[in-house]
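Below you'll find the structure, written out as C-alpha cells, and then a few comments.
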Ligand SMILES: [Mn+2]
C-alpha cells in the first residue's frame, strides 16, 4: 500500500514542479543529517542541481558532527532570507512542517516530513508520515520508486540521516526505516560514515585526553572522569563513548566545564536494566537540566548551583564527588533489585 502511495505522490510532485521553475528547499534551523540528506535527495528526485535548487536555512549548521557531514559530502546550505525566498517559483521543505517557520516563509508548495502534530493543508503537495523514523526513509522510497540511481554521496547522506534520527536504529524505527537502510547500505561510503561518526578532535584536546587517561580506573564497572574546561560539548560525549570500549566497563560518566556549566555525558553498555536517563534525572534533575534514554543521557548543571550544594569546583574534588554520587546511586539500585 505504501508503494502505491509513494507512486501516486511522486507523480503529483513531479507534476507540480515545472521544468524551468526555480525551486528553493528550506530546512529547519541548524539542520540535522536527516534534513540535509532529504534535501539533496529531493533535488536528485527533481533532476536538479545546486544552482537551480539551492538549500536554505535560517540558522547555519553548528553541531560538529553535522558540520563534518556538510564538509565531507559537500552540501551547501545558504542563509535563508524571507524576501529572497519569496522570489522563487516553488518553495519546498523537508523534515519540517510549515508552522515551524512561524511567518518567516510567505508560502510553501511542497512538504515532506515525519514529525507528528502537523494538521496539514498549508501546502499544495504534502507527504507527512509521522510513523516513520526519518524523512530520509520517505525520500529513499521516492528514489527507489522513481528508479533513480542513488549515488554514493546520496546513499551515504541518507543512511547517516536515518541512523542519526533513529539513534542507530534503536529509537522510533519502523520496518520502512530498516528497509531503506538495507537498500542504501551497499551504496554508501563506510569511510565517510566513519569520519562523520567521529569528528576530528582539536589538537589541544590531546593534553586533556592524556591527563584523563592516567586517572582512568573502573570500580564496579563504572568509569567517572571530570575533564575540567573543554572547548566543545561533543568532546565530552566522545570521551564517554571512548571509555565505554574498555573491558569490564559498563557505565561511563564524563563531565566537563563548558562556559559556566558542568556538562555531563552518561553512557552504559546496554546490558543492564538501569537507565542512563533515569540516573541523570534523579541525580541532577533538581540542579539543572537532565534527560536521556536508557543507554545515553546528558545533564547540564550551572556551576553556581553545583558550588552551593557541593562546596567545590576544584577538578579533583568534582571528579571524586561525581564518582561518589554515581557509585552510590547504582549500588542502591542493585541493592533494591536484590531485595525486591
Ligand atoms: Mn527527521
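The values are calculated or read from the model by the stated rules, or taken from the named source; none is laboratory data. Here the structure is a predicted model, which is why all the values come from computation and not from measurement. Glycine also receives a Cβ, built like all others from the backbone with ideal geometry; neighbour counts cover every protein chain displayed.
List of remarks:
- Residue identified as modelled with pLDDT of 90 or more, closer than 28 Å to residue 194 by Cβ and in contact with a strand residue (DSSP E or B) (Cβ under 9 Å, 6 or more places away or on another chain) among 282, 294, 232, 267: 267
- Conditions (1) assigned to a loop (DSSP other than H, G, I, E, B); (2) surrounded by fewer than 20 Cβ atoms within 10 Å (Cβ to Cβ); (3) within 16 Å of the ligand (Cβ to nearest atom): number failed by residue 74: (3)
- Residues located in segment 308-328, provided they are exposed (fewer than 15 other Cβ atoms within 10 Å of the Cβ) and under 23 Å from residue 237 (Cα atoms): 313, 314, 316, 317, 320, 324, 328
- Within segment 132-156, the set of residues being more than 23 Å from residue 71 (Cα to Cα) and more than 16 Å from the ligand (Cβ to nearest atom) comprises 143, 144, 145, 146, 147, 148.
- Residue check, residue 117 closer than 20 Å to residue 174 by Cβ and either assigned to a loop (DSSP other than H, G, I, E, B) or within 16 Å of the ligand (Cβ to nearest atom) (or both): yes
- Residue within segment 121-144 that is modelled with pLDDT of 95 or more, on the phi > 0 side of the Ramachandran plot and surrounded by 22 or more Cβ atoms within 10 Å (Cβ to Cβ) present: no
- Hits in segment 25-39 - residues which are within 12 Å of the ligand (Cβ to nearest atom) and out of contact with any helix residue (DSSP H, G or I) (no Cβ under 8 Å at 6 or more places or on another chain): 39
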